[in-house]
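Novice: Could you have a look at this structure, given as structure tokens, before my questions?
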Amino acid sequence: MKIKNQICTDSMEIEYDFSKAPFKTTSFESKHHVLVTYYAESRSDPEVAARGLCNEQSASRFPGASSAREEALLRDYAAKVVGLDIISEEDHPTLNTYVDLPRFGTGPVYTRFMTQIAFPIANFRASLAGLINTIAGEPHHTGYFSALKIIDVKLPETYVCDFQGPQFGVQKIRERLNVYDRPLFCGPVKPSVGLTPDEFASQAYKAFKGGIDIVKDDELIVDTAYCPFEERVRKTMDAVKRIEDETGRARLYVAHISADYDQMKRYYETALRYNVDAVMVSPMIVGFPSLQWLSREEGLPVFSHNACMSMATRVSFFGISLHVLVQLQRLAGADVVVIPSPWGTFIMSDEDHRRNVEASLVASHDLAPIWPGLSGGKSVGTLLRCYQSVGSEDFMFIVGSALFHHPLGVEAGARSLLQAWEATQQGIELDHYAKDHKELRAAVSHFKQQHTQHAES
């Protein structure tokens, strides 16, 4: 494995080969453990630091004499260092807020290394909260580490089989919409805030009339004085029924319900009462167990939003990799993960994007493939790259401004996206196809201008 500039980046190969590492344990059974790969930097001896992580996240004991009973407990339930390999040695810490604590090392060298830790499943069983707490709860702020990032998590089938997983995923949502030969187009209604229920439903209807498959609440709106939740979902579902009657085509409306548990439960029950098609939550706000609870409820597809994830994932040497959070959302039962992706307004490497897509779609024991919902400044000009990057039609193209702020109106914005897909499918250059399609032509011209102005400002 090669590390560019001797520093961990989210573009590291996660299939790290520890076979030639100088340190390996032997008392380890993969079917009884979750394997977590960490990138770490420490002033301590790397092996001491890795063992310290194990101690902090399992046995939590000081070294010294112990009874035969305690030794047996450690053998069966303590986390274990499975692999460790040195990357580089530096004369300064990566994290400039790092405070030296003498008991964790006082030497002049900060060693960067990769380590793989095996956590016994018996300590948390089929609990998603327990798993997250075990692998990520406290190691990032222990004195051992001046940098620490979770790079990968491997879940054995013996653990995954205890989870229900996605109830809809790619296949069942396709069946519900009867769309099999293209990506799904989804529009978070804009403006994100400030619309009345009537205005919101009107925007949704126009997007549906232009051909959009799904409209959803933005993650910034739940229940406000100017747009009460119940009134919004009632009027938007009226718009859904109207367009379905007019066109004979099924559509979906996704209601955002992230809130305190009691409120979220009330919003969910309201959504059911008005036959809402799906719900959306942000698990970094409401908790991954709340996502898991929703997926087990009355049979609504669940969209999982990325709000607050980047603050934990974006730094290359600290936190957790986004594809691991995608993997955990899939395990929790998300049917769609709304994730940032390149070629728009969000910053992400192509390699990170690839791993996020794989965490959504690649076979993982018996978990159904789920939709990677590619978001962040998407427009007709980014559709082809997204399609090429996924390698199939199994992605959701989530478009806000390019749909709802199209110069010819919302309906034309929806048509322009479908026309862009026609051009992509036929292998025709977008500018060439746009000559005979006014909605696409207006979108290409307008949003190219917008991007140019933004770059020059």
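The values are calculated or read from the model by the stated rules, or taken from the named source; none is laboratory data. This structure is a prediction, so every number in the text was calculated from the model and none was measured. Note: ideal-geometry Cβ built from the backbone for every residue, glycine included; neighbour counts use all protein chains shown. With ligands, DNA and RNA removed, areas are computed over all heavy atoms of the protein, side chains included. Shrake-Rupley method; radii C 1.70, N 1.55, O 1.52, S 1.80 Å.
Table: residues versus (1) open to solvent by 30 Å² or more (accessible area, probe 1.4 Å); (2) hydrophobic (A, V, I, L, M, F, W, C).
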| residue | (1), (2) |
| --- | --- |
| A78 | no, yes |
| I86 | yes, yes |
| D91 | yes, no |
| D100 | yes, no |
| F113 | no, yes |
| L128 | no, yes |
| H141 | yes, no |
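Novice: If you don't mind, there's one more thing I want to ask. Looking at R103, R174 in this structure, which one is of a type in the set (D, E, K, R) and within 23 Å of the chain's Cα centre (by Cα)?
Specialist: None of the other options fit; the residue is R174.
Novice: Taking the stated definitions as given, is V189 under 27 Å from A420 (Cβ atoms), crowded, with 20+ Cβ neighbours inside 10 Å and of a type in the set (A, V, I, L, M, F, W, C)?
Specialist: Answer is yes for this residue.
Novice: Right, next: Looking at the structure I just gave you, is R182 without any contact (Cβ under 8 Å) to a residue 12 or more places away in the chain and closer than 30 Å to V215 by Cβ?
Specialist: For R182, the condition - without any contact (Cβ under 8 Å) to a residue 12 or more places away in the chain and closer than 30 Å to V215 by Cβ - is not met.
Novice: I would also like to ask the following. May I ask you to say which residue of F404, F447, F397, F346 is more than 30 Å from K154 (Cβ to Cβ), under 19 Å from the mean Cα position of the chain (by Cα) and among the hydrophobic types (A, V, I, L, M, F, W, C)?
Specialist: Criteria check complete, one pass: F397.
Novice: Continuing with this model, one more query. Taking the residues in the stretch 397-412 that are assigned to a loop (DSSP other than H, G, I, E, B) and among the aliphatic types (A, V, I, L, M) as candidates, determine which candidate is most open to solvent (accessible area, probe 1.4 Å).
Specialist: Only one residue tops the list, namely L408.
Novice: When you check D352 against the structure, is it in contact with a Ser or Thr (Cβ under 9 Å, 6 or more places away or on another chain), of a type in the set (D, E) and under 30 Å from E157 (Cα atoms), yes or no?
Specialist: yes
Novice: Given the residues S360, S392, S457, S364, which is the only one that is of a type outside the set (D, E), at pLDDT 95 or above and more than 19 Å from D181 (Cβ to Cβ)?
Specialist: Step by step, each of S360, S392, S457, S364 is checked, and only S360 is of a type outside the set (D, E), at pLDDT 95 or above and more than 19 Å from D181 (Cβ to Cβ).
Novice: Same structure again: Can you find even one residue in the stretch 383-396 that is among the small types (G, A, S) and farther than 15 Å from T424 by Cα?
Specialist: The answer is no, given that none of the residues of the stretch 383-396 is among the small types (G, A, S) and farther than 15 Å from T424 by Cα.
Novice: I would also like to ask the following. Return the pair list, or none, for Cβ contacts closer than 9 Å from residues in the stretch 414-440 that are in a loop (DSSP other than H, G, I, E, B) to residues that are charged (D, E, K, R), at least 6 apart or on different chains.
Specialist: Between residues of the stretch 414-440 that are in a loop (DSSP other than H, G, I, E, B) and residues that are charged (D, E, K, R), the close pairs are I428/E422; K435/R441; H437/R415; H437/E422.
Novice: State whether the residues of the stretch 413-421 include one that is under 22 Å from C186 (Cβ atoms), open to solvent by 70 Å² or more (accessible area, probe 1.4 Å) and modelled with pLDDT of 95 or more.
Specialist: The answer is yes, given that some residue of the stretch 413-421 is under 22 Å from C186 (Cβ atoms), open to solvent by 70 Å² or more (accessible area, probe 1.4 Å) and modelled with pLDDT of 95 or more.
Residue-wise test of (1) at positive phi; (2) at pLDDT below 75; (3) of a type outside the set (F, W, Y); (4) within 29 Å of the chain's Cα centre (by Cα).
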{"position": "T26", "(1), (2), (3), (4)": "no, yes, yes, no"}
{"position": "K31", "(1), (2), (3), (4)": "no, no, yes, yes"}
{"position": "Y38", "(1), (2), (3), (4)": "no, no, no, yes"}
{"position": "S44", "(1), (2), (3), (4)": "no, no, yes, no"}
{"position": "R51", "(1), (2), (3), (4)": "no, no, yes, no"}
{"position": "C54", "(1), (2), (3), (4)": "no, no, yes, yes"}
{"position": "S58", "(1), (2), (3), (4)": "no, no, yes, yes"}
{"position": "A65", "(1), (2), (3), (4)": "no, yes, yes, no"}
{"position": "R75", "(1), (2), (3), (4)": "no, no, yes, no"}
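Novice: Starting from the stretch 306-328, keep only residues that are within 22 Å of S146 (Cβ to Cβ), then list their pairs with residues that are part of a loop (DSSP other than H, G, I, E, B) and open to solvent by 40 Å² or more (accessible area, probe 1.4 Å) whose Cβ atoms are within a distance under 6 Å, requiring at least 6 positions of separation or different chains.
Specialist: S316/T9
Novice: What residue, among those in the stretch 118-144 that are aliphatic (A, V, I, L, M) and within 23 Å of the chain's Cα centre (by Cα), is farthest from V315 (Cα to Cα)?
Specialist: Here the answer is A126.
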